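To start, the structure itself, in structure tokens.
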Amino acid sequence: MTREISDEKLSSLPSCIAPERRRIDGRLVLLEPLDPDRHADALYAASHESDEAKRVWAYLPDGPFEGPSSFNQWAKRMATEPDRVFFAFRDRHTGRVGGMATYFDIRPAMGSIEIGYIWFAPFLQRTPQATEALFLMLRHALDELKYRRMQWRCNALNEKSRAAALRLGFTFEGIFYQHMVVKGRNRDTAWYSILDHEWPRIRGNFERWLAPENFDERGRQIASLRRLNCGSARPLDAPGRFGAT
């Protein structure tokens, strides 16, 4: 979908609601407001139990952590940040907690909000549960809280995050070079967004993909969410094309 630069006068100013720390229920997952007393031990184990698990911290500004105590201290700080609303992801079938994400850069007066700090333990990666968790956060912000812009940003070298943004229906906007210093290293940041007028089509694609009839008896998808959101053409911002951005 082509976007055009606009300075149109709005018929009404954004009347968005700041997200609250309350549970969001899905068919496959529960999004529970981060509570270190309930979640920290399980989240630490899920993200540190193997070298593969620890890789979820590679492009995040914190972690991996030296032990459960330091992770718990970090979780307590994140849970009380005034400008962030963190959720822990719980698989409804197994009851296991295996991931987290936050709303941040929350600007109700501008109608803009961001989803980030996303990670999933290996047992939830590339599952319908993981996709539904992010869909629930997008739907809550865009449908219920009435935001007009949802942002996604990541390290420009993080190919998995950039591919995930496109699969979820985000549009690539560009790169901020020398944007941050993270863990002592330069970070160039890739920016993506979903706008309110784009959301109904993207929401429909999510609902089609998540429907039980989209999976065969072995749990394999029939329609691809990437193909639904991106079409058959290879996106300009696709793995292997990042150097051209």
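The values are calculated or read from the model by the stated rules, or taken from the named source; none is laboratory data. Please read these numbers as outputs of a predicted model, since none were measured by experiment. When we count neighbours, we look across all protein chains shown, and the Cβ atoms used for this are built from the backbone with ideal geometry, even at glycine. Protein only, heavy atoms only, side chains kept; ligands, DNA and RNA dropped before computing areas. Shrake-Rupley method; radii C 1.70, N 1.55, O 1.52, S 1.80 Å.
With charges set only on the Cβ (+1 for Lys and Arg, -1 for Asp and Glu), what does the dipole of the chain come to about its Cα centre, in debye to the nearest 20? Could the numbers behind the result be given before it?
Values: 37 positive and 32 negative charges, 76 e Å.
I would put it at about 360 debye.
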Spherically averaged projected area in nm², based on the convex hull that wraps the Cα atoms of region 49-192: 9.4 nm²
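Per the 1.4 Å probe, what fraction of the accessible area of the chain, in percent, lies on carbon and sulfur atoms?
49 percent
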All-pairs alpha carbon distance profile, region 150-192, 10 Å steps from 0, percent: 31, 53, 16, 0
Cα-based equivalent ellipsoid, region 116-191: semi-axes from gyration tensor eigenvalues, Å: 23, 17, 11
Using a Förster distance of 25 Å, the FRET efficiency for MET180-LYS160 (Cβ separation, nearest 0.05): 0.85
Partners for LYS9 among aspartates and glutamates (Cα-Cα distance below 20 Å; same-chain residues under 8 apart left out): ASP196, GLU198
22 Å Cα-Cα reach of LYS183 towards lysines, excluding residues that sit fewer than 8 places from it in its own chain: LYS54, LYS76, LYS160
Overall Cα dimensions of the chain - principal axes, largest extent first, Å: 51, 46, 39
Chain lengthening between HIS93 and ARG38 when straightened (0.36 nm per residue, less Cα-Cα): 18.0 nm
Residue-normalised accessible area of the chain, expressed per residue, 1.4 Å probe, Å²: 54 Å²
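When only Cα pairs under 8 Å and 6 or more residues apart are kept, what is the percent relative contact order across region 129-216? Display every interim value, and only then the final one.
On the way: 100 pairs, mean separation 25.4, N = 88.
RCO, region 129-216: 29 percent.
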